[in-house]
Every structure is written in C-alpha cells, then in structure tokens.
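**Q** The structure is given below, and queries will be raised subsequently.
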Amino acid sequence: VQLQASGGGLVQAGGSLRLSCKASGFTFRINTVGWYRQAPGKQRELVARITSAHMTDYADFVKGRFTISRDNVRRMLYLQMNSLKPDDTAVYYCNLPSSTRDYWGRGTQVTVSS
C-alpha cells in the first residue's frame with residue numbers, strides 16, 4: 001500500500017489549498033479512505049473520510065470549509081480546503097483504514113499564516 005500526499009504549502013488565513021493523495025497497492029474503489037492531520041504537540045485527528053459510495057464524514061471543525069472527494073479511475077483522493085485558519089496548520093495525512101491496521105502516507109505540511 002502506498003499513499004502519496006501532495007499539495008500542501010504556506011497560505012494566508014482565508015486562503016485555499018487543495019490536497020491530493022495518490023493511492024496504489026490496494027483496490028482503491030472499494031475502500032473508505034480519509035484525511036487526518038497532526039499539529040505540533042497534538043494527537044493526530046480525523047479531518048474527513050469518504051466511503052466507496054462517496055458518503056462523506058467531516059470533523060466539526062472543518063464542516064462547511066473543507067470538501068473531500070475521490071476519483072476512483074485515477075485512484076486519487078482530494079481535500080479542498082477553503083477559508084483556512086491558523087488553527088488548520090498541521091501535517092495532513094491520507095489514510096486507509098483496515099481491520100488489521102491503518103495505512104498512512106508520508107504527509108504534506110499545511111501552514112496558515114495570520
């Protein structure tokens with residue numbers, strides 16, 4: 001399993017970024033996948049996830065600002081992040097949960113300046 005996240009960067013508060021995650025090594029289209037984030041000194045937390053049927057689930061702190069989506073043909077996972085806040089600063093990871101273990105990508109840094 002490989003999950004390669006990209007698209008992070010430095011943005012001013014109120015700005016937008018789009019994260020991408022390229023998936024390989026598993027049957028992407030039938031799996032729930034998601035985005036997590038981890039800020040310095042804090043635990044990793046769920047941001048959003050999307051099922052194989054494109055049903056979505058968001059953390060309260062991103063509802064109305066972030067949108068998760070997937071392209072099963074391209075095996076890509078996306079996170080559109082709008083109205084970014086300094087509190088959104090973190091490393092963002094794509095995630096594949098499974099019954100035996102979770103799989104993680106390397107992560108991409110998002111920094112939001114005030």
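All of the numbers you see were taken from the coordinates with simple rules; none came from a lab. Predicted, not measured: the structure shown is a model, and the values here were computed from it. Every residue, glycine as well, gets a Cβ built from its backbone with ideal geometry; the counts of neighbours run over all protein chains shown.
**Q** Under 8 Å for C-alpha pairs, at least 6 residues apart: give me the relative contact order for region 1-61, rounded to a whole percent.
**A** Relative contact order, region 1-61: 23 percent.
**Q** Within a Cβ distance under 12 Å of Gly107, other residues only, what is the Lys/Arg minus Asp/Glu net charge?
**A** +3
**Q** To the nearest 20 debye, what is the magnitude of the charge dipole of region 51-114 about its Cα centre, counting +1 on the Cβ of each Lys and Arg and -1 on the Cβ of each Asp and Glu?
**A** The dipole magnitude comes to about 220 debye.
**Q** Same structure again: Tell me the label-point distance for the pair Thr67, Asn82, using the 7 Å Cα-to-Cβ offset, in nm and rounded to one decimal.
**A** Label at Thr67, label at Asn82, 0.6 nm between them.
**Q** Additional query: Counting other Cβ atoms within 10 Å of each Cβ, which trypsin sites (Lys or Arg not before Pro) in region 36-114 have at most 13 and sit in a DSSP loop?
**A** Answer by residue number: Lys42, Lys63, Arg74, Arg101, Arg106.
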